[in-house]
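**Student:** First the structure, then my questions, so here it is.
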Amino acid sequence: MQFFATGLTEGALVHKLQGQIFKSQGFEKLGQKYVDHFTEEMEWVEKFYNRIMDLGGEVKFEATKARDLVCDPVEYVKADLAIQEKGVELLYKCMETLHDDPTTYDIMKAYLADEEEDLYWSQGAVEMMEKIGKQNWLFTQV
């Protein structure tokens, strides 16, 4: 759970910054989506840390790696989609190891469902970009 808490903290902070960038560019809807996503992700981090403590584990604040921010909203959504695809795949593998801990399993199952929802949004956004074009899609994000 510590691995996911650390990775999710990093991802949440990136989403917050990306949302602020997009808002500053006039893409209010897209920016707000990522700012809200930050809040949602930090709620999951809290659940992970609480579970670690429930199990008697030690909560750690681990360093995160530097990540480049992306000013082009379309390029960012595509890059974020690639990260989400790998993350969902990793979560499925993790779920296979949690059958002996039903409480952690339930937390991770709910988190996986949330991540799948985010993945589907990003997939749909990329499909829409391809169908209506970058400029038209960006207009829907104002």
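Please treat every number below as a calculation from the coordinates, not as lab data. Treat the numbers as computed from the prediction; the structure is a model and nothing was measured. FYI the Cβ positions are ideal-geometry reconstructions off the backbone, even for glycines, and counts take in every protein chain you see.
**Student:** So which residue, out of Leu119, Leu13, Leu55, gets the largest mean-square fluctuation from a GNM of the chain using Cα contacts under 10 Å as springs?
**Tutor:** Taking springs between Cα atoms under 10 Å, the residue moving most is Leu55.
**Student:** Sticking with this structure for a sec: Projected onto the charge dipole of the chain (+1 at Lys/Arg Cβ, -1 at Asp/Glu Cβ, origin at the Cα centre), which of Pro102, Val126, Trp137 gives the Cα projection farthest towards the positive end?
**Tutor:** Trp137
**Student:** Measuring from centroid to centroid over Cα atoms, what is the spacing of the stretch 37-67 and the stretch 99-142 in Å?
**Tutor:** The stretch 37-67 and the stretch 99-142 have Cα centres separated by 21 Å.
**Student:** Based on the Cα atoms of the stretch 6-72, what semi-axes does the equivalent ellipsoid have, where each is the square root of 5 times one gyration tensor eigenvalue, given in whole Å with the largest first?
**Tutor:** 28, 13, 5
**Student:** Please give me the summed charge of the neighbours of Met1: other residues whose Cβ is under 14 Å from its Cβ, Lys and Arg +1, Asp and Glu -1.
**Tutor:** Net charge in that neighbourhood comes out at -2.
**Student:** Next question, about the same structure. Work out, step by step, the length gained on full extension between Glu85 and Gln135: first 0.36 nm times the residue separation, then minus their alpha carbon distance; give nm to one decimal.
**Tutor:** 15.5 nm
**Student:** Could you list His99, His37, His15 so that the one with the fewest beta carbons within 10 Å of its beta carbon is first and the one with the most is last?
**Tutor:** So the residues, fewest neighbours to most, are His99, His37, His15.
**Student:** One quarter of the convex hull surface, Cα atoms only: what value does that give for the stretch 2-140 in nm²?
**Tutor:** Over all viewing directions, the stretch 2-140 projects a mean Cα-hull area of 8.5 nm².
**Student:** Starting from the Cα of Lys93, draw a straight line to each of the lysines and keep only those under 29 Å, dropping any in the same chain fewer than 8 residues away.
**Tutor:** List returned: Lys16, Lys33, Lys47, Lys60, Lys65, Lys78, Lys109.
**Student:** Let me ask something else. Say R0 is 30 Å: what FRET efficiency, to the nearest 0.05, do Trp121 and Glu62 get from their beta-carbon distance?
**Tutor:** So, using R0 = 30 Å, E works out to roughly 0.60.
**Student:** Nearest 20 debye, what's the magnitude of the dipole of the stretch 1-136 about its Cα centre given +1 on Lys and Arg Cβ and -1 on Asp and Glu Cβ?
**Tutor:** Dipole magnitude for the stretch 1-136 comes out near 500 debye.
**Student:** Pop the C-beta distance of Leu69 and Glu40 into the FRET formula with R0 = 22 Å and round what comes out to the nearest 0.05.
**Tutor:** In this case the efficiency is close to 0.65.
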